[in-house]
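Working notes, beginning with the structure itself.
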Amino acid sequence: MKTLNKLLGAVIFIALCANTPGFSQHLITPYEYPIKPGTDEWKNFRTQEAMIAACQIPDKVLNELTTEALAKSCLQYPMFPQINAYNNTQQGFERLASKFNGFKELMNRPGGYTALFQIYKEMNPSGFSKDWSLIERGRFIQKFQYIEMLLSQKAIVSKMDLKSKKALLHECQKKYRTKFEYQDSYSLVGFSHTSYVMINILNSDNAGKSIIDKDLKEFSNTAIAFDASVPTRINSLVEAYLSKN
């Protein structure tokens, strides 16, 4: 009888867990958005609301995506370019995040940072071909904007421990140096996105926050730099921070 009760208890436990968000995350392939920009169906949309509705990830799929697959699904979000259609990039991201269930889910998952960081480490800013058209190169560069905007969000940064923050800062510095070698392609905008991750990490730590210049406060809220000295100064602050922590 005791053995039977244990078996029944195990069955009930498994059944309950199977209905718990996160337990059944087994879909390893990113979500394939059914309607994408450039298609005839997309061209028939008359409002942004219709586009946003078409790009929501079905709840059942959303709950079953592994965190890595979810992160990749978010990076492929068809409406992601719209973050540049607002007063500043951070505002644009917040507007999209309030309407897209994929972003909400990713930022709520404990492993969201880890999944994004693994993808980010594998990305090479110099990985484009000189033979690519301006459009192809632009799309490649945009991928860095997308992942760096995700990594810079407070909901992501707040779940990181000091070791993870330092690892990301070191990775950002690598990306920054490579982008600088290809500054004709990345320009100030490309440097700004990497710097935005770094300043938000500094802002999340008392020791880091204490070394941020007052003049950088506006950038830390907008992700928009109007002066090339902004990313340079942030990189210097990160070097100072890492040397003491």
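Details
- Here the range 110-244 is described by how far its Cα atoms reach on the three principal axes: 46, 34, 25 Å, from widest to narrowest.
- Expected 222 nm ellipticity per residue - DSSP helices of 4 or more, -39500 (n - 2.57), all of the chain, to 500: -19500 deg cm²/dmol
- DSSP-assigned coil residues among chymotrypsin sites (Phe, Trp or Tyr not before Pro) in the range 122-158, each with at most 16 further Cβ atoms within 10 Å: F128, W132
- Percent breakdown of C-alpha pair distances by 5 Å bin, ordered from the shortest bin, for the range 99-162: 3, 16, 24, 20, 15, 11, 8, 4, 0
- Relative counts (whole %) of C-alpha pair distances in the chain, using bins that are 10 Å wide: 7, 28, 32, 20, 8, 4, 1, 0
- Zero-based 5 Å bins, Cα pair distances in the range 30-166, whole percents: 2, 9, 19, 20, 22, 16, 8, 3, 1, 0
- Trypsin sites (Lys or Arg not before Pro) within the range 82-165, DSSP loop, no more than 14 other Cβ atoms inside 10 Å: K130
- Rounded to 10°, Cα long-axis angle of helix 229-244 versus longest principal axis of the chain: 60 degrees
- Over 20 Å (Cα to Cα) - which of K60/K104; K143/K163; K99/K159; K143/K174; K72/K104 fall in this group: K143/K163; K99/K159
- Loop-located GluC sites (Glu not before Pro) in the range 93-154 (DSSP state other than H, G, I, E, B) with a sparse environment of at most 14 neighbouring Cβ atoms within 10 Å are absent.
Throughout, read-outs are computed from the coordinates displayed, never taken from laboratory work. Since we're looking at a predicted model, the values are computed, not measured. Here Cβ is always computed from backbone atoms with ideal geometry, including for glycine, and neighbour counts include all displayed protein chains.
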